[in-house]
Every structure is written in structure tokens, then in C-alpha cells.
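Trainee: Take this structure, written in C-alpha cells, and hold onto it; I'll ask about it next.
The values are calculated or read from the model by the stated rules, or taken from the named source; none is laboratory data. Please read all numbers here as calculations on a predicted model, not as lab measurements. Cβ: placed from backbone, ideal geometry, glycine included. Neighbour counts: every protein chain shown. SASA here: full protein model, heavy atoms, side chains in, ligands and nucleic acids out. Shrake-Rupley method; radii C 1.70, N 1.55, O 1.52, S 1.80 Å.
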Amino acid sequence: MLGIRGPSGAGKTSFLKCLSGIITPTEGVVRWGTLALSQCTESVRDRWRGQHCGFLFQDFRLFEDLTALDNVLLPLTFRGTIAAHDRETAREMLAARGIRTNTRAGDLSRGEMQRTALVRVLMGRPAVILADEPTANLDEARGDIVVDGLMSAAQSLSAPLILVSHSDRVLKRLPLTAEIRAGRFITPDELTPSRSIP
């Protein structure tokens with residue numbers, strides 16, 4: 001689990017978009033295992049992201065006229081028919097987070113929207129979870145719920161979690177922290193002062 005900090009405009013969101021194949025870097029290669037994702041066609045990158053990557057966006061990316069349940073199930077429609085157990089799982093996950101399944105997304109509070117977006121990510125059982133400022137629009141209590149959900153999901157799925165945040169409070173909860181500063185990715189090792197050897 002890795003938290004990434006950095007000033008506005010440093011490239012944190014672009015970094016996540018490169019990792020997920022939404023955009024490709026102008027230099028270098030993004031690799032996941034043996035797959036050179038950044039060298040794949042857009043359709044291959046889209047398919048890889050749909051099958052392996054859960055992306056929690058700061059702006060939720062919900063369709064306001066669809067219900068919470070339909071928003072959660074929407075990505076699964078691209079994989080084929082939605083099974084009955086998927087619908088039931090989605091209902092249970094929404095209910096556990098206090099979301100009424102038949103409520104239009106446009107009628108949800110911001111906290112409910114973020115929790116709905118989180119359920120949508122988790123329904124795909126992603127191999128990697130990326131979160132872009134997931135608590136930016138929430139108060140501390142609701143933000144904690146979202147971070148708890150992300151960390152719990154990462155543990156249960158054995159999936160890496162890479163979370164971008166301006167909040168020191170959020171970043172302190174993650175075991176590793178990196179920084180993007182002046183266009184440079186500063187690793188956790190570089191941020192940790194080296195100990196002098198006696």
C-alpha cells in the first residue's frame with residue numbers, strides 16, 4: 001500500500017493515469033508483470049484496465065440518472081451478462097455502506113457517491129487499486145470510511161493499493177509514502193533519512 005503526495009499540478013493524477021493505461025507516457029514504459037501496457041493499443045489498454053484495475057476517481061464518475069445499483073453494475077456489463085449473485089453482492093455491499101440501491105446517483109450526497117464509486121471498484125475484484133484523492137470532497141469521518149474500505153479491499157484481494165492524497169492524515173495510515181515533486185518521483189527510500197552506521 002503506497003501513498004503519494006505532491007503539490008497541485010505535480011503530475012499525481014497523470015501518474016495514476018499512466019499506471020492504468022488511460023494515457024501513455026512520452027518516455028519510458030509502464031509494465032505490469034510481463035505486459036508492457038504503455039506499448040499496447042488503446043483497446044488493449046482499455047480491456048486490461050477493465051479486467052485488472054480498479055480506479056477510484058476524485059469526481060466519482062457516476063451517471064446521475066442511473067441508480068446506485070446500476071452504476072455499480074455498469075462495468076460488469078462490458079464483461080457480458082450480469083449474474084444474479086453479482087446483483088445480490090452489489091446490493092449487500094451498498095447496504096453495508098448505507099446506500100439505498102434504487103436511489104438515483106444524482107440524489108446521493110457526496111459521501112454516498114464516493115461510497116457507491118468504491119463499491120463499483122470492489123465489485124470488479126481488481127488486481128490493483130488506484131485511488132485519486134478519494135477523500136478530497138469528504139469530511140474526516142466519511143473519508144476514514146473510504147480509506148478503511150480501500151485498505152480492507154486491498155488486503156482481502158491481495159491487491160496493491162496506490163493512493164494519491166494531499167491529506168497527511170490519510171497518508172500516515174499507509175505503510176509507504178512517496179512524493180512527486182518538480183516532475184520527479186521520489187521513492188519511499190529517498191524520503192526516509194538514512195541512519196548513520198556507528
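Trainee: Starting from the Cα of residue 176, step 7 Å along the direction of its Cβ; do the same at residue 152; then give the gap between the two resulting points in nm.
Mentor: Each label point lies 7 Å from its Cα, and together they span 2.5 nm.
Trainee: Ignoring everything except DSSP H segments at least 4 long, calculate the 222 nm mean residue ellipticity for the chain; use -39,500 (n - 2.57) per segment, divide by total residues, nearest 500. Mind showing how you got there, number by number?
Mentor: Values: 8 runs with 83 residues, N = 198.
Mean residue ellipticity at 222 nm (helix-derived): -12500 deg cm²/dmol.
Trainee: Over the stretch 1-109, average the accessible area per residue using a 1.4 Å probe and give it in Å², no decimals.
Mentor: With all protein chains present, the stretch 1-109 gives 57 Å² per residue.
Trainee: Right, next: Full-extension gain between residue 127 and residue 36, please, as 0.36 nm times their residue separation minus the C-alpha to C-alpha distance.
Mentor: 31.1 nm
Trainee: So between residue 23 and residue 64, what do we pick up on full extension, going 0.36 nm a residue minus the alpha carbon distance?
Mentor: Length gained, residue 23 through residue 64: 12.2 nm.
Trainee: Say each of residue 81 and residue 139 gets a label point 7 Å from the Cα, pointing the same way as Cα to Cβ; how far apart are those two points in nm?
Mentor: About 4.6 nm, to one decimal.
Trainee: Could you give the distance between the Cα centres of the stretch 135-195 and the stretch 99-124, to the whole Å?
Mentor: 22
Trainee: Still on this structure, please answer the following. From the convex hull of the Cα coordinates of the stretch 92-165, what is the mean projected area in square nanometres?
Mentor: 4.7
Trainee: Can you tell me, using C-alpha contacts under 8 Å and at least 6 residues apart, the relative contact order of the chain as a whole percent?
Mentor: This gives 31 percent for the chain.
Trainee: At a 1.4 Å probe radius, carbon and sulfur cover how many percent of the accessible area of the chain? Write down the numbers at each step before the final one.
Mentor: Numbers: 5410 of 10760 Å².
Heavy-atom surface of the chain belonging to carbon and sulfur, 1.4 Å probe: 50 percent.
Trainee: Each label point is 7 Å from the Cα along the Cα-to-Cβ direction; what then is the distance between the points at residue 74 and residue 191, in nm?
Mentor: Each label point is offset 7 Å from its Cα along the Cβ direction, giving 3.2 nm.
Trainee: Tell me, rounded to the nearest percent, the portion of alpha carbon pairs in the chain spaced more than 26 Å apart.
Mentor: So the pairs more than 26 Å apart make up 35 percent of the total in the chain.
Trainee: Using the alpha carbon gyration tensor of the stretch 31-138, what are the three equivalent-ellipsoid semi-axes (square root of 5 times each eigenvalue), largest first, in whole Å?
Mentor: On the way: eigenvalues 127, 55, 27 Å².
Here the semi-axes work out to 25, 17, 12 Å.
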